[in-house]
Amino acid sequence: MQSSVIDEILSVEDDAGKIVDDARAEARKIVSEAHEKAARIVSSSVEAVKARSRSELAEAEALLQKDLADYEEERRRIESGEHKMDPEAKERAVSRVIDRILTVGE
């Protein structure tokens, strides 16, 4: 009887050891899968941010190119003497200058 109790205890210890080993293996598997999933999430998030940044940078560069082209066009226009003034604004300016000149001596 004593030997059957000892056999039973050893059997229970073996079963407990297997349960612990299985639990550890399952825990490693869960942690590994979680790590892989987190790495995929981080990677896809980084790629999304990079793509958005590239798009915003391309938009900014296009806007800069347009602004530079506008600036160069305005610079060339000013250097060539092509000053286009609104005729009404020009007439008002001339009238004010004439009024000023005529009232200086008064």
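A few points about this structure:
- Which listed residue is surrounded by 10 or more Cβ atoms within 10 Å (Cβ to Cβ) and in contact with an Asp or Glu (Cβ under 9 Å, 6 or more places away or on another chain), from 28, 76, 52: 76
- Scanning region 70-77 finds no residues that are of a type in the set (Lys, Arg) and in contact with a helix residue (DSSP H, G or I) (Cβ under 9 Å, 6 or more places away or on another chain).
Yes or no, residue by residue, for (1) among the β-branched types (Val, Ile, Thr); (2) modelled with pLDDT of 95 or more:
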{"position": "5", "(1), (2)": "yes, no"}
{"position": "9", "(1), (2)": "yes, no"}
{"position": "15", "(1), (2)": "no, no"}
{"position": "22", "(1), (2)": "no, yes"}
{"position": "26", "(1), (2)": "no, yes"}
{"position": "30", "(1), (2)": "yes, yes"}
{"position": "37", "(1), (2)": "no, yes"}
{"position": "42", "(1), (2)": "yes, yes"}
{"position": "48", "(1), (2)": "no, yes"}
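- All of 99, 70, 86, 7 fail the test of being charged (D, E, K, R) and open to solvent by less than 80 Å² (accessible area, probe 1.4 Å), apart from 70.
- Residue within region 64-83 that is among the β-branched types (Val, Ile, Thr) and modelled with pLDDT under 85 present: yes
The values are calculated or read from the model by the stated rules, or taken from the named source; none is laboratory data. Model, not experiment: these values are computed from the prediction. Reconstructed Cβ throughout: ideal geometry from the backbone, glycine too, with neighbour counts over all protein chains shown. Ligands, DNA and RNA are stripped out before the accessible areas are found, and what is left, the full protein with its side chains, is counted by its heavy atoms. Shrake-Rupley method; radii C 1.70, N 1.55, O 1.52, S 1.80 Å.
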